[in-house]
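Asker: Quick one: structure below, then a few questions.
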Amino acid sequence: MLTSDTGICIRAVDYSETSQVLTFFTRDHGKLGVIAKGSKRPKSAFGGPIEMFAHGQLTFTANADRALATLTGFEIEANRTNPASVSADLYVLHGCLLGVELLDHMTDEHDPHPDLYEAFVAFVADMCESAAKPSRRDTLALLILFELQLLMAVGLRPVLDRCANCRTAVGRDVRGYYFSSAANGLICRDCESSFHDKVALSTPVAACLTRLATIAQAPLRTLRDLEKVLLGHFAGLMHRAPRMAKYVLRVCPSS
Ligand SMILES: [Zn+2]
């Protein structure tokens with residue numbers, strides 16, 4: 001049966017001289033593996049090889065006894081995301097690849113998350129825009145906001161308005177808070193001794209976590225510290241450090 005959906009390519013692997021195996025994150029079918037036969041031929045129905053971050057309308061035939069669906073058509077919509085824009089700036093590319101790595105790990109095949117799909121396409125589209133005028137601060141802010149959306153979409157919303165252990169609400173004074181991956185949220189100074197995986201938060205990082213709207217305006221240094229905390233949390237959830245983490249956290253002399 002021919003099915004259509006909108007999706008964004010999150011993995012592209014050569015399968016043969018002429019074909020590719022691709023993973024799309026689609027709105028209505030979640031993560032979907034497809035084979036695109038003949039896609040690498042210049043005159044293919046897909047207009048040439050399909051690149052990571054290409055976004056558009058796909059048609060495919062699902063095959064019950066085969067893991068991969070067969071891609072029969074792909075109409076690129078280049079007005080939002082553009083693979084060339086993503087790779088125009090190395091830091092933007094690394095941020096997008098980290099976004100893909102986390103998305104891929106936290107979602108299952110054939111498990112649709114339409115809100116997360118919209119959030120991911122918007123994230124890549126914003127990253128494409130920021131690649132035109134690269135700023136590490138802007139790129140990191142977009143990445144952090146996507147990571148928080150991802151956690152919320154998969155049912156792992158961290159507890160950020162109160163201590164995740166004793167439930168005491170965070171007041172105006174955000175000094176002396178910790179983050180624990182095991183507790184999935186903030187831990188107050190009265191509870192911290194029970195959590196071995198806790199990390200101490202600087203006051204600016206705690207302020208960002210308790211008022212997420214301030215992340216977009218936070219300085220680079222605060223965002224880098226916040227990203228370290230979040231990637232430590234993802235490492236706890238994934239039981240390994242995300243592979244792209246070191247590229248995103250690397251300090252470059254010009255920043
Ligand atoms: Zn507490």
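Asker: For the stretch 96-115, which positions are buried (at least 19 other Cβ atoms within 10 Å of the Cβ) and within 21 Å of residue 79 (Cβ to Cβ)?
Answerer: Within the stretch 96-115, 96, 99, 100 meet the criteria.
Asker: So, one more: Among the residues of the stretch 160-210, what is the count of those that are without any contact (Cβ under 8 Å) to a residue 12 or more places away in the chain and among the polar types (S, T, N, Q)?
Answerer: Residues meeting the conditions: 1.
Asker: State whether the residues of the stretch 86-106 include one that is outside any helix (DSSP H, G or I) and either within 16 Å of the ligand (Cβ to nearest atom) or over 19 Å from residue 247 (Cβ atoms) (or both).
Answerer: Initially, the stretch 86-106 is screened for residues outside any helix (DSSP H, G or I), giving 87-89.
If we keep only those that are either within 16 Å of the ligand (Cβ to nearest atom) or over 19 Å from residue 247 (Cβ atoms) (or both) as well, we get none.
Among the residues of the stretch 86-106, not one is outside any helix (DSSP H, G or I) and either within 16 Å of the ligand (Cβ to nearest atom) or over 19 Å from residue 247 (Cβ atoms) (or both), which makes the answer no.
Asker: Search the stretch 102-131 for residues that are more than 16 Å from residue 55 (Cβ to Cβ) and pair each with any residue that is among the acidic types (Asp, Glu) and surrounded by fewer than 17 Cβ atoms within 10 Å (Cβ to Cβ) when their beta-carbon atoms are under 8 Å apart and the residues are at least 6 apart or on different chains.
Answerer: Final answer for the pair search is 112/28.
Listed here are the residues, each with its yes/no results for (1) surrounded by fewer than 16 Cβ atoms within 10 Å (Cβ to Cβ); (2) of a type in the set (A, V, I, L, M); (3) on the phi < 0 side of the Ramachandran plot.
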| position | (1), (2), (3) |
| --- | --- |
| 199 | no, yes, yes |
| 207 | no, yes, yes |
| 234 | no, no, yes |
| 239 | yes, no, no |
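Asker: Now for a different question. Could you tell me whether the stretch 146-153 includes any residue that is touching a strand residue (DSSP E or B) at 6+ places or on another chain (Cβ under 7 Å) and assigned to a helix (DSSP H, G or I)?
Answerer: Of all residues in the stretch 146-153, those touching a strand residue (DSSP E or B) at 6+ places or on another chain (Cβ under 7 Å) come to none.
No, every residue in the stretch 146-153 fails to be touching a strand residue (DSSP E or B) at 6+ places or on another chain (Cβ under 7 Å) and assigned to a helix (DSSP H, G or I).
Asker: Also: Please enumerate the residues belonging to the stretch 100-121 that are at pLDDT 95 or above and closer than 13 Å to residue 11 by Cβ.
Answerer: 100, 101, 103, 104, 105, 107
Asker: For the stretch 181-211, enumerate the residues that are more than 21 Å from residue 241 (Cβ to Cβ) and within 10 Å of the ligand (Cβ to nearest atom).
Answerer: 186, 187, 188, 189, 190, 191, 192, 194
Asker: Does residue 226 fit the bill of being outside any strand (DSSP E or B), out of contact with any Cys (no Cβ under 8 Å at 6 or more places or on another chain) and surrounded by 19 or more Cβ atoms within 10 Å (Cβ to Cβ)?
Answerer: Numbers: outside any strand (DSSP E or B): yes; out of contact with any Cys (no Cβ under 8 Å at 6 or more places or on another chain): no; surrounded by 19 or more Cβ atoms within 10 Å (Cβ to Cβ): yes.
For residue 226, the condition - outside any strand (DSSP E or B), out of contact with any Cys (no Cβ under 8 Å at 6 or more places or on another chain) and surrounded by 19 or more Cβ atoms within 10 Å (Cβ to Cβ) - is not met.
For (1) under 27 Å from residue 145 (Cβ atoms); (2) acidic (Asp, Glu); (3) under 20 Å from the mean Cα position of the chain (by Cα), each residue gets a yes or a no:
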| site | (1), (2), (3) |
| --- | --- |
| 56 | yes, no, yes |
| 60 | no, no, no |
| 73 | no, no, no |
| 101 | yes, yes, yes |
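Asker: Which of the residues spanning the stretch 1-40 are without any contact (Cβ under 8 Å) to a residue 60 or more places away in the chain, touching a strand residue (DSSP E or B) at 6+ places or on another chain (Cβ under 8 Å) and in a loop (DSSP other than H, G, I, E, B)?
Answerer: Once the filter is applied, which keeps residues that are without any contact (Cβ under 8 Å) to a residue 60 or more places away in the chain, touching a strand residue (DSSP E or B) at 6+ places or on another chain (Cβ under 8 Å) and in a loop (DSSP other than H, G, I, E, B), the stretch 1-40 yields 15, 19, 37, 39, 40.
Asker: Quick one: how many residues across the stretch 157-176 are more than 8 Å from the ligand (Cβ to nearest atom) and either over 26 Å from the mean Cα position of the chain (by Cα) or over 23 Å from residue 145 (Cβ atoms) (or both)?
Answerer: Counting residues in the stretch 157-176 that are more than 8 Å from the ligand (Cβ to nearest atom) and either over 26 Å from the mean Cα position of the chain (by Cα) or over 23 Å from residue 145 (Cβ atoms) (or both) gives 8.
Asker: Inside the stretch 175-209, can you point out the residues that are farther than 23 Å from residue 248 by Cα and part of a helix (DSSP H, G or I)? Working first, answer last.
Answerer: Going through the stretch 175-209, the residues farther than 23 Å from residue 248 by Cα turn out to be 175-177, 182-183, 186-196.
Of everything in the stretch 175-209, those that are farther than 23 Å from residue 248 by Cα and part of a helix (DSSP H, G or I) turn out to be 192, 193, 194.
Asker: What number goes with the only condition from (1) in contact (Cβ under 8 Å) with a residue 24 or more places away in the chain; (2) more than 16 Å from the ligand (Cβ to nearest atom) that residue 222 does not pass?
Answerer: (1)
The values are calculated or read from the model by the stated rules, or taken from the named source; none is laboratory data. Remember, it's a predicted structure, so these values are computed and weren't measured experimentally. For neighbour counting, all protein chains shown are included, and Cβ atoms are generated from backbone atoms with ideal geometry for every residue, glycine included.
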